[in-house]
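Please read the structure below before turning to the comments.
Bear in mind these aren't lab numbers, they're just calculated from the coordinates by the rules spelled out. This structure is a prediction, so every number in the text was calculated from the model and none was measured. All Cβ positions, even for glycine, are placed from backbone atoms using ideal geometry, and neighbour counts span all protein chains on display.
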Amino acid sequence: MNFKQEIQKRRTFGIISHPDAGKTTLTEKLLLFGGAIQEAGAVKSNKIKKGATSDFMEIERQRGISVATSVLAFYYKDKKINILDTPGHKDFAEDTFRTLTAVDSVIVVIDVAKGVEEQTEKLVEVCRMRNIPMIVFINKLDREGKDAFDLMDEVEQKLGLQVTPLSFPIGMGYDFKGIYNIYEKNILLFQGENKQQIQESRSFEDINSPELEQLIGGKAAQELREHLELVEGVYPPFDRAAYLAGTQQPVFFGSALNNFGVKELLDCFVEIAPTPRAKKSEERLVAAEEEKMTGFVFKIHANMDPKHRDRLAFVKIVSGTFERNKPYLHVRLGKSLKFSSPNAFFAEKKAIIDESFPGDIVGLHDTGNFKIGDTLTEGEELHYKGIPSFSPEHFRYINNADPMKAKQLAKGIDQLMDEGVAQLFTLELNGRKIIGTVGALQYEVIQYRLEHEYGAKCTYEPFPVHKACWVEPQDPSNEEYQEFLRVKQKFMARDKRGQLVFLADSAFSLQMTQQKYPSIRFHFTSEFN
Ligand code: G4P
């Protein structure tokens, strides 16, 4: 198979949802249909269970699982499907944001009863900003839930999407009979009382045929016809170009737990989902079809075994063919590196591979060369964009609790920050270090890992900060900016890349500062130009 065919075969995507909407169940069912696993329950949930805040073994166990399920690859209908796992827990949202830089499309799972939830809103916003093609899967149709039209309205309004249903439920909850597949014009019905068995789906071109009554009964038939008429009147027809451009989102209905509507989703997905997309670098747009290999690190995972200090850097191949033992340029370090045992990921295992293609993820063993966002090329000075840091929600001073282990502590903090576990800010005034996180859970993870992996001990002290704002002066030499730096000296810090950050202690003080210094712009993300 030639290089272009390899690219055409690949579908790399992520599944996003609010916790409990059914992401893990759907992932598992996709793997089952893809023949990658033989039975349900084979893929363990990567969820941090509720109440796990101080259960370190649980955190470690979850880390283990999340390495194993970071990338799940399988073949379906001759397509290579790469599912990139995204943690659902909101304390790990930053991890999910970064993973979204490596996907070519996403499937958004929504619980039919709960509708659009907070975490879904945040994640979809990131995808919308980047015009990532999205398919919406409304799950748990076997339960009573919201009306399908109301739900699609909610999706449009809360998520700012333009939807068009490609399937439509016949009944719901107790009355849930099955699904009409608008895309393929066929009907899929449940069989038996327990809704566990699926009758063969059958083609149904003419919805007005009296056969429909025989199949689902008079009342349901009439209702379905009315609904489909309404769908046709209200929603635009599916337009693949609009879907690929991120301006239209097809919707599917089903029940992941009952295998219902999942195969239809997968069949449509492999047909319409994008092949590996071009990616912007600071210098230029790089197309997947370019012959020279380029890729970027979007995730770093520490080895679970403390005796082996190496880490696994996850690289998304953007263009060209990645080859084992071939030297590549690590652009940030200006260093040539070779990889003798790059890993590819499959549903239940990883394996050393000789080559990888655009859309694939390779896992590279790393002894400390990589940071999130690093670019690898065959020599070109490229810098991939789009892995910004967002303002953390929590801030604490970090102190050394064992003066004999200062070096270990510094190294541990450095490496954990490279992995993207949290963000480090260093105060300009006195050099004190502040750790910023998305969720409180990370503080415990950091403390635990510093002790168990680096032999260092730390304590925390509260540091009241409302938001970290990356500062952009109109003119760094003007009087206004100089005054701002003087007056706010106590609140100025550098992030890990050396960028200047204003740590606003309250929403009010931020507002006052913005008013007082109108020529300075304050950003909640590190990547603003
Ligand atoms: P998540 O990864 O998005 O957090 O959700 P997950 O798949 O773990 O699903 C959350 C719960 O919802 C699970 O139940 C799961 O069995 C259930 N679920 C998923 N899909 C469906 C569906 O189509 N219909 C119904 N009725 N339930 C569904 P749980 O009791 O929390 O977990 P478990 O003990 O079953 O693992």
If packing is taken as the average count of other Cβ atoms within 10 Å, what order do 250-262, 147-159, 24-36 fall into, highest mean first? 250-262, 24-36, 147-159
Can you list the aspartates and glutamates whose alpha carbon sits under 20 Å from that of Lys158, skipping same-chain ones fewer than 8 residues off? Asp20, Asp111, Glu117, Glu118, Glu121, Glu125, Asp147, Asp150
Suppose every K and R has +1 on its Cβ and every D and E has -1 on its Cβ; what is the size of the dipole of the chain about the Cα centre, in Debye to the nearest 20? 1920 debye
Using a cut-off of 15 Å between beta-carbons, work out the net charge of the residues near Gln511 (Lys and Arg +1, Asp and Glu -1, Gln511 not included). +3
Label-point gap, in nm, between Asn369 and Leu337 - each point 7 angstrom along Cα→Cβ: 0.5 nm
So which of Lys114/Lys349; Lys23/Lys79; Lys335/Lys496 end up more than 26 Å apart, counting from Cα to Cα? Lys114/Lys349
Taking amide H positions as placed in the peptide plane 1.01 Å from N, state which residues far from Gly171 in sequence (5 or more) or on other chains have amide H under 5 Å from it. Lys177
List the extent of the Cα atoms of the chain along each of their three principal axes, largest first, rounded to whole Å. 80, 55, 45
From the Cα centre of segment 473-509 to that of segment 361-422, the distance in Å is 24 Å
For the chain, the charge dipole (Cβ of Lys, Arg +1; Cβ of Asp, Glu -1; about the Cα centre) points to a positive end, and the Cα of Leu329, Thr375, Leu159 closest to that extreme belongs to Leu329
Just to confirm the filter: which trypsin sites (Lys or Arg not before Pro) across segment 313-357 are DSSP coil and have at most 11 other Cβ within 10 angstrom of their Cβ? Lys338, Lys349
